[in-house]
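The values are calculated or read from the model by the stated rules, or taken from the named source; none is laboratory data. Note that this is a predicted model, so its numbers are computed, not measured. Here the Cβ is made from the backbone with ideal geometry for all residues, glycine too, and neighbour counts use every protein chain on show. When the accessible area is computed, the model is the full protein with side chains, heavy atoms only, and any ligands, DNA or RNA have been set aside. Shrake-Rupley method; radii C 1.70, N 1.55, O 1.52, S 1.80 Å.
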Amino acid sequence: MNNIDKRVEEILAKMSLHEKIGQLNQPQTPLPEQTEKLKEMVRRGEIGSILMAVGATAGNDPQGDISVDFYNELQRIAVEESPSGIPLIFGRDVIHGHRTVLPIPLGMAASFNFDMIEKCYRDIAEEAMNDSIHWTFTPMLDLARDPRWGRIIEGAGEDPLVGASMAKAVVRGVQGDDLTARDSMLACAKHYVGYGAAEGGRDYHRAEISDYTLYNYYLPAFHAAVKAGAKTVMSSFNEISGEAVTSSRKYLTDILRGYLGFDGFVVSDYGCVEQLIPQGLADNRGDASRMALEAGLDMDMWDGCYHESLEKEVESGRLDIAVVDEAVRRVLRVKMMKGLFEHPYCDQHEIDRTEHLARARALARESVVLLKNEGNLLPLRKDTKIALIGPYVNERRSLLGSWTVDGKAEETPTLREEMAKVAGPNGGQILASSASGLSYEIAWMPYALIGCDVAVLAIGESWVVTGENKAVSNISIPEEQIALLKRAKMSGKKVVAVLFCGRPIALEGIAEYCDAILYAWHTGSEAAGAVTDLLYGDAVPSGKLPVTMPRLATHIPLYYNVTSSGRPVNCYYNQNAGNCYFDSIPTPYYPFGYGLSYTTFAYGDVRTEKDAIALDALKAGARFSFTFSLRNTGEYDAKETVQLYIHDPVAKMMRPLRELKAFEKVFVPKGEAVDVTLSVGYDELGYFLPDGSYTVERGKIEIYIGENCLTSQKAEICIL
Ligand code: BGC
């Protein structure tokens, strides 16, 4: 028994049942009139953690400033006045930033720069810990194939490797090397599991996921989070094929603990335990509590079910006290690992955020994706006369995105302010209009454009239509903004669209009116600065899509790692695509992995050291490596994310036509070439069978290397 376990057993032995159940109870920050009641509960040992949030969907409800004194006072009561003196753990949704806001996670994933993401999360952890927050409910690891789902913004898109890379980066960034440090928070991998598969993108709705799909697509990111040391996991709201995750021993214990090896504690999502009643699985709160705890759900967020019923469940003999003890052990262990017993209080200090903001800007620049650049319209010369038009010209709040709980709109520069800083001293001009698309604005636009060299349209979707419980059926931008775009194009001027969006949007009927498109997501505190850097060429775009951009919403689901139909028809890869739908072109507008630069890259032929390796040797660590030269053939120093996909043409189960298995973001100075090597081994060349066992099969594997998932540069290897 290690030291922590020993201490946990000593404490546990002295705790009453009432107190034990208290450790599993997580109420929300109370309204001012209920503060005294909460303090009394803390005093009696009835609370283990506080959810520092107001409202049911903290990502979209306004949250007040944090009072460190208030939380220190609650902690003092817990430590000094509660029966066992166990410190509280304070948790908050620090999803993609604290005071400094990073791009929405889907945008961050587009950077493919996971080292940078890790560093940015270290900054965020420092800021949040300095505001009493020990525990953040991030990373959100829900693979999503449906952009109608508002929460697609919070994840890393449609690919398991990108999801796993994000999981590792965020967990390491948040938790650091030393969990007890004053700049380290506990991470929480959520929402376990399958929440992103909600039917029709309708939030909270049912998911239908086979075990084959679960192991190959939905679990890898959680596995990566566990391997990176995530100490907590949040269970998800949804059912999977008739089973609610909240009361599922299969998902919460057998797979999470048994298969993935998780050894921390599980917290429910908001009100999940009580939700078992309307889900038709429990008759009352007592049954719901017992079922969830027995399934492996340790801490009950918000609904107070455990607090109200678990004591009775044990006393009546319906629930074994050993199950309660095990959950309490897990919670206490994590509190000790975090060092809360030694350092329960927040000792606030001044933080200089200059570097945090600089890193947030660098990440925002790398997150933006250049989708189109006809005639190399971008970058713009700094003396360009620009008509800057659209509802996002003077916008601050939407640039931060949903799930911005502590970032401040008033501290967020607008695009107009940032562009004026560059244009002013360089003889350029910004004629700005925050037109929203009203008919008189549209009619007057040609006048506004006279004397300008180019129109830059700052358009997109508001943060309010993204995030939790914000599904939309039409993934587009408002009609009025499309009208603005058309009018601008009809004026004969060149049109640059800067699209601030929280999700992939259907680009047919939009992209055709743009000469250039910068897909800027909601890129955080430094969004405007980053976009300005890119527009004027002070930075070169390098973002790549972590998710497919469909032409029309009616083509959803459309994702790249799809299996072959077996018929000579395939929408994504354009085999007889005309037969997919009679009435529209079903290929993606822009495929997974796609993104342009101001420069161009030439990929050299791929050289393989060995094209055949025995299965045993692979198992023992041998790898196939692929080397090629990457030449920057344009005028700008730039970064390119090189991608390696595999396809197993004959296997026991149907395998996807392409699967991303390796990537690297490489910097190449203009005119130069670098040799790049990507490799795959045992862990990349197999897949999971429906029972969860991993298999690598003998035979041929096709390898595709290039700039996005449609690359045709092919090699072939053989596993002997
Ligand atoms: C969301 C979680 C969040 C929790 C606490 C829930 O509604 O689904 O992602 O962490 O609220 O705010």
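Quick notes on this one:
- Residue within the range 92-100 that is within 15 Å of the ligand (Cβ to nearest atom) and among the hydrophobic types (A, V, I, L, M, F, W, C) present: yes
- Test: residue in the range 528-535 that is open to solvent by less than 10 Å² (accessible area, probe 1.4 Å), of a type in the set (A, V, I, L, M) and more than 14 Å from V368 (Cβ to Cβ): no
- Every residue from the range 633-672 that is hydrophobic (A, V, I, L, M, F, W, C) and over 22 Å from T695 (Cα atoms): A638, V642, F663, V666, F667, V668
- Taking the range 623-687 as the region of interest, the strands (runs of 3 or more DSSP E) fully inside it that hold 3 or more residues being surrounded by fewer than 18 Cβ atoms within 10 Å (Cβ to Cβ) and not hydroxyl-bearing (S, T, Y) are 659-668, 673-680.
- All conditions but one from (1) within 20 Å of Y192 (Cα to Cα); (2) open to solvent by less than 10 Å² (accessible area, probe 1.4 Å); (3) of a type outside the set (S, T, N, Q) apply to L319; the one that does not is (1).
- Residues of the range 484-502 that are more than 17 Å from R397 (Cβ to Cβ) and in a loop (DSSP other than H, G, I, E, B): S491, G492, K493.
- When residues of the range 1-30 are limited to those that are free of Cβ contacts under 8 Å to residues at least 12 places away in the same chain and part of a loop (DSSP other than H, G, I, E, B), the one farthest from I133 (Cα to Cα): M1
- Only one of the numbered conditions (1) closer than 25 Å to A144 by Cα; (2) surrounded by fewer than 20 Cβ atoms within 10 Å (Cβ to Cβ); (3) not aromatic (F, W, Y) is not met by N561, and that is (2).
Quick grid of which residues meet (1) assigned to a helix (DSSP H, G or I); (2) over 21 Å from the mean Cα position of the chain (by Cα); (3) among the hydrophobic types (A, V, I, L, M, F, W, C); (4) farther than 26 Å from D675 by Cβ:
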{"residue": "P557", "(1), (2), (3), (4)": "no, no, no, yes"}
{"residue": "F582", "(1), (2), (3), (4)": "no, yes, yes, yes"}
{"residue": "T599", "(1), (2), (3), (4)": "no, yes, no, no"}
{"residue": "D605", "(1), (2), (3), (4)": "no, yes, no, no"}
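- Subset tally (residues that are of a type outside the set (F, W, Y), assigned to a loop (DSSP other than H, G, I, E, B) and either within 16 Å of the ligand (Cβ to nearest atom) or surrounded by 24 or more Cβ atoms within 10 Å (Cβ to Cβ) (or both)) for the range 207-243: 5
- Residue within the range 276-284 that is touching a strand residue (DSSP E or B) at 6+ places or on another chain (Cβ under 9 Å), closer than 17 Å to L24 by Cα and either more than 16 Å from the ligand (Cβ to nearest atom) or part of a loop (DSSP other than H, G, I, E, B) (or both) present: no
- Number of positions in the range 381-414 that are in contact (Cβ under 8 Å) with a residue 40 or more places away in the chain and either open to solvent by less than 10 Å² (accessible area, probe 1.4 Å) or over 21 Å from V495 (Cα atoms) (or both): 22
- Selected residue (criterion: nearest to the ligand (Cβ to nearest atom)) from residues of the range 56-78 that are buried (at least 18 other Cβ atoms within 10 Å of the Cβ) and small (G, A, S): A58
- If you go through the range 44-55 and keep only what is modelled with pLDDT of 95 or more, within 12 Å of the ligand (Cβ to nearest atom) and either exposed (fewer than 14 other Cβ atoms within 10 Å of the Cβ) or β-branched (V, I, T) (or both), you end up with just I50.
- Counting the residues of the range 688-711 that are open to solvent by 10 Å² or more (accessible area, probe 1.4 Å) and assigned to a strand (DSSP E or B) gives 7.
- Per the listing S439, S434, the residue uniquely touching a strand residue (DSSP E or B) at 6+ places or on another chain (Cβ under 9 Å), of a type in the set (S, T, Y) and open to solvent by 20 Å² or more (accessible area, probe 1.4 Å) is S434.
- Yes/no for W149 being within 16 Å of the ligand (Cβ to nearest atom) and either in contact with a Cys (Cβ under 7 Å, 6 or more places away or on another chain) or at pLDDT below 95 (or both): no
- Scanning the range 1-43 for residues that are of a type in the set (K, R) and loosely packed, with under 14 Cβ neighbours inside 10 Å yields K6, K14, K37.
- Residue in the range 523-544 that is under 17 Å from A109 (Cβ atoms) and out of contact with any Ser or Thr (no Cβ under 9 Å at 6 or more places or on another chain) present: no
- Test: residue in the range 492-506 that is in contact (Cβ under 8 Å) with a residue 40 or more places away in the chain, in contact with a helix residue (DSSP H, G or I) (Cβ under 8 Å, 6 or more places away or on another chain), of a type in the set (A, V, I, L, M) and farther than 16 Å from I386 by Cβ: yes
- Hits in the range 193-206 - residues which are hydroxyl-bearing (S, T, Y) and open to solvent by 10 Å² or more (accessible area, probe 1.4 Å): Y204
- Once the range 252-262 is narrowed to residues that are in contact with a helix residue (DSSP H, G or I) (Cβ under 7 Å, 6 or more places away or on another chain) and either of a type in the set (S, T, N, Q) or farther than 22 Å from H205 by Cα (or both), the residue that is nearest to the ligand (Cβ to nearest atom) is F262.
- Verdict on G304 being in contact with a helix residue (DSSP H, G or I) (Cβ under 9 Å, 6 or more places away or on another chain), open to solvent by 10 Å² or more (accessible area, probe 1.4 Å) and within 16 Å of the ligand (Cβ to nearest atom): yes
- Among (1) assigned to a helix (DSSP H, G or I); (2) at pLDDT below 95; (3) of a type outside the set (A, V, I, L, M) - the single one Q481 does not satisfy: (2)
- In this entry, V472 passes the filter for residues that are open to solvent by 10 Å² or more (accessible area, probe 1.4 Å), in contact with a helix residue (DSSP H, G or I) (Cβ under 6 Å, 6 or more places away or on another chain) and of a type outside the set (K, R).
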